[in-house]
Each structure stands twice: as C-alpha cells, then as structure tokens.
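Only the coordinates and a few stated rules stand behind these numbers; no lab work does. Because the structure is a prediction, the values reported are computed rather than measured. Glycine also receives a Cβ, built like all others from the backbone with ideal geometry; neighbour counts cover every protein chain displayed.
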Amino acid sequence: MAITQPEVDVVIIGLGWTGSIMGLELTDAGLDVLALERGGDRTKEDFLYPKPADELKYGVRLKMMQRPRQSTVTIRRNRDEQAVPQRHWTTFHPGDGVGGAGSHWTGVLYRATPNELALKSFADRTFAPGFLPEDMTIQDYGVSYEELEPHYDFFEKVAGLSGQAGNVQGELLEGGNPFEAHARILSRYRRYHEP
C-alpha cells in the first residue's frame, strides 16, 4: 500500500556521510528535507567507542553493512572485459542504515597530493618518453588540489578530524607530516560551524 508523505523541497536517498552533510547544508538554507534510508535507524550507543572499532563484527561479519548479494557491484579493468560481480567485500564496505559505512569508520583521512591528482602529467614531466606502457590507462583527475582543498577543509571540520597540520600553505611545521599536501589551517582541532 502506498504511503503519501507531506510534500518537501528535497528528498535525500541514503543518510550516510554524504546525505547527512547535504541535509545540513539544505536545511541551513531553509529547505524542507526528507531523508530515505533502506536500513535501520541508529542510536548514539551504536557509535560509542570501542563498538565501531570491532573489526570482526563490522569488517568480517558485516554487521551494519550490506552483503554483496544485497547490492551487486561489478568490476572490470577495461572495456573489453566482461563485468563480473564482486562476491566478497575487501576494504569497501557499503553501509546499511543511518550513518552508512561511517558507523565503522577508522577515522583515517588523507589528502591526495597535487601530484596524485595529476599523475599522468607528473609522469610525463618526470620520466623519459615511453616509460609508461602505451596501453596504460593512467590519467589526471581533472580537478586540481587548489580546487579540492576547501572541500577537504570542510569535511575535516564536519568529521571532527584533529591533529597538527604538517604543511600550511607551503610552510612545514614541527609535529606534522611534512609530506602531506598543504592545508590552510594551523590546527585541525575544529568542529562543524566553528569559525
């Protein structure tokens, strides 16, 4: 039987990291938002440490995660191969329920470096012509680090990432990772909506 819901401005499918961030942004802009989630709801107890760090429960037995039979993902390395279903998740664990895979997230974030985002251009500049095989499908991402950096900063703030930045606009700082891509902020001890 069909259920009629009140009309809203935006419907978000899936309330994981992406859906939650979009919901915050859209409601802050004054829009009425409805989120639809195929899995169950979560309580704060589901996210209290050390529960989410239980690798056997979440990474192996897939509690709160989709089973491969629920949502088929197909893999192929080039256009000539036949796409075949992945039957076992490795590090890719799509979540099932409010919070998505973020409910069993290790909290590890890294910023791609400018060279990683332009790997083909970097290889062409760095290595002799013909170093890369003709059929290698390596390419640049099409977005620069400078374009992505404000979004990295935003997500680190939303996720509550903390720690000492090692490279702030090209200046290397003691106690941080000197090999990371540059940040605009000195300290990452920040929360969402703080200045």
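Summary of computed values
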{"item": "Sorted by Cβ density within 10 Å, fewest first, the residues Val10, Val60", "result": "Val60, Val10"}
{"item": "Computed over the chain: relative contact order in percent, which uses C-alpha pairs under 8 Å that are six or more apart", "result": "15"}
{"item": "Footprinting exposure proxy for Met65, Met136, Met1 (fewest neighbouring C-beta atoms within 10 Å first)", "result": "Met1, Met136, Met65"}
{"item": "Count, lysine Cα pairs under 23 Å in the chain, 8 or more residues apart or across chains", "result": "4"}
{"item": "Spin-label pair Ile138/Leu31, simplified geometry with 7 Å Cα→Cβ offset, distance in nm", "result": "4.0"}
{"item": "Distance from the range 17-85 to the range 98-166 (C-alpha centre basis), Å", "result": "21"}
{"item": "Most positive-pole-ward Cα, Ile138, Leu148, Val168, against dipole of the range 119-168 from beta carbon charges", "result": "Val168"}
{"item": "Given (i) 33, 26, 19; (ii) 45, 23, 17; (iii) 26, 21, 15, the label whose value is semi-axes √(5λ) of the Cα gyration tensor in Å derived from this model", "result": "(i)"}
{"item": "Rounded to the nearest 20 debye, dipole of the range 107-195 from Cβ charges on Lys, Arg, Asp, Glu", "result": "360"}
{"item": "Gain in span if fully extended, Leu172 to Val8, counting 0.36 nm per residue against the direct Cα distance", "result": "54.2 nm"}
{"item": "Exposed chymotrypsin sites (Phe, Trp or Tyr not before Pro) absent - longest run of the chain, DSSP non-H/G/I/E/B, at most 14 other C-beta within 10 Å", "result": "1-91"}
{"item": "Within the range 44-128, GluC sites (Glu not before Pro) in DSSP loop having at most 11 other beta-carbon neighbours inside 10 Å", "result": "Glu81"}
{"item": "Simple Cβ-charge dipole of the chain, Lys/Arg +1 and Asp/Glu -1, about Cα centre, in debye nearest 20", "result": "880"}
{"item": "Choice from Arg42, Arg76, Arg61 showing the highest fluctuation, given a GNM over the chain with Cα pairs closer than 10 Å", "result": "Arg76"}
{"item": "Segment Asp80-Thr126, extension gain: residue separation times 0.36 nm, minus the distance between their alpha carbons", "result": "13.5 nm"}
